[in-house]
Every structure is written in C-alpha cells, then in structure tokens.
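The numbers here are math on the coordinates, done by the rules we state, and not lab data. Everything numeric in this text was worked out from a predicted model, so none of it was measured. Here Cβ is always computed from backbone atoms with ideal geometry, including for glycine, and neighbour counts include all displayed protein chains.
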Amino acid sequence: MYRALLVDFYGTLVAEDDALIARIADGIARASQSGASPSDVRAHWNRHFRRLCTESFGDRFAKQREIELESLRGAARDCGAKVDVEALSAELFAYWAAPAPLAGAAEFLRDCPLPLCIVSNIDDAELAAAICGLGWDLPRVVTSEGCRAYKPRGEMFRTALELLGCEPSEVLHVGDSLGSDVGGALAAGIDVAWLNPTGRAPGEHQPRYVINSVRDVPPLLTSPRSTPR
C-alpha cells in the first residue's frame, strides 16, 4: 500500500487550457501569410514549447510565462503571421491563475486519506492564485519554478518525495501527461495512475493504473501494488 500521493494540477485537478489554445491557434492561422492551418500553428507551437521546456533547467531555467511567449513567437514566425503575442497570451495567463476545477477534484482532495503533494509544471504565482481562488487546502506544493526544472526531469519528483518523507516505492503519482507525468514518474521509480478519460494509447509508457478521473484513485490506495488496473 502507498503512504502518500503526488498529484499533477492542470489536466488532473483542473481543466486544461485547450479551448484557449485552440482560439489562439485560430487567430494566428487567420493572420498567416503562408496559409498555415490551426493544426499547423499548434504543431509549430508545441515543437517550440517542448524544446524550450527541455532546455530549461538550473542556470538556464525560464519561467512558464517566458516559455509560452517565446514558443508562440516562434510559431507565429514559422507561419508568417504578424500578431501581438502578448495580447494573445493574456487570456491564457489569466486562466492559469483561475482555472476551472474538474468534476470530483474538490471531493477527492477533501476526502483523500493520504498526505499529498502537488507537482506542477507552472510558475509559483499562477499556482498560488489558482489554489487560493479554488479554496483548496494544499500545504505541500512543488512547482517547476521552485525546482528550476520541468517534468519529466527528476528534480520535481525528488523534491516532492523529500517533502513527504517517502521513498519512490511508497508513493503513487497521479497525472494526465504521458511524457511529463507518466514518463517522469516512471523514470523516478514511482508508480503512476494515468488520467486518460479519452482512451489515448499509452505508447511506450506503461503506467500501473489507467483511470478516468481522480474519483478512481481512492480504491487504488489500498490495492496490492502487484495488481495493476
């Protein structure tokens, strides 16, 4: 049985910013001089974003806001679109600080029988504002800004384990991202409950559990670790 939980925030406890991402991509596509489609914009945007996150650690660390703006500038440049990147991103930044909770998240946090630590690829200010606005009691929080590294690197997982006073084998990580959450936790020797309500294929990753929402987590906490779902 597990002694504690690590829990991702965006996409796991609160809804992702997918609608805003789609709106921004549409705006850049409309301004594109090369005929780029919204899916083209998102592909370029994701490529820049992932590269910048991978390169960002230690002395080379950049906050999520900075990476967002730089990756969007790169996407606009690639698509030949002259747009106001800061204006396009303003609503996105506002959402990060005031996200919508996913169904069952508040009840899960209220009733969770184990200590937990939030592990989120986000800046300190946005996550603090989000937690405060939701009225959630989350005393243990690990951010990319605080660790100067992003999941799937191991710094955030190790910091969370230290806060909880646990070994990797004693915790379960709950998250929705295959690369950041599943890949990162598995590399750190931590079991994963992958939040996958849309039935995505896990690819090379093998999470111990696949769940539809955090409502599915409590039964896992008393299940033998040798019996995956």
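Taken about its Cα centre, the chain carries a charge dipole of roughly 440 debye when the Cβ of each Lys and Arg holds +1 and the Cβ of each Asp and Glu holds -1.
Pairwise inverse Cα distances across the range 99-185, averaged and inverted, put the Kirkwood hydrodynamic radius at 13.6 Å. Would you tally the net charge around Ala19, using a Cβ to Cβ cut-off of less than 15 Å, leaving Ala19 out, and scoring K and R as +1, D and E as -1? So the environment of Ala19 carries a net charge of -3. Ranking Trp96, Leu52, Ala36 by Cα position along the charge dipole of the range 18-97, where only Lys, Arg, Asp and Glu carry charges on their C-beta atoms, puts Ala36 farthest toward the positive end. All other residues with a Cβ under 9 Å from the Cβ of His173 taken together, and with Lys, Arg as +1 and Asp, Glu as -1, what is their net charge? Here the charged neighbours net out to -3. Here's how it looks for Leu114: its modeled amide H is under 5 Å from none belonging to a residue 5 or more places away or on a different chain.
Please report the net charge: other residues with Cβ closer than 12 Å to the Cβ of Leu161, K and R +1, D and E -1. My count for the surroundings of Leu161 gives -1.
For the range 18-97, take the alpha-carbon Rg, divide it by the Kirkwood Rh, and send me Rg/Rh. So for the range 18-97, dividing Rg by the Kirkwood Rh gives 0.97.
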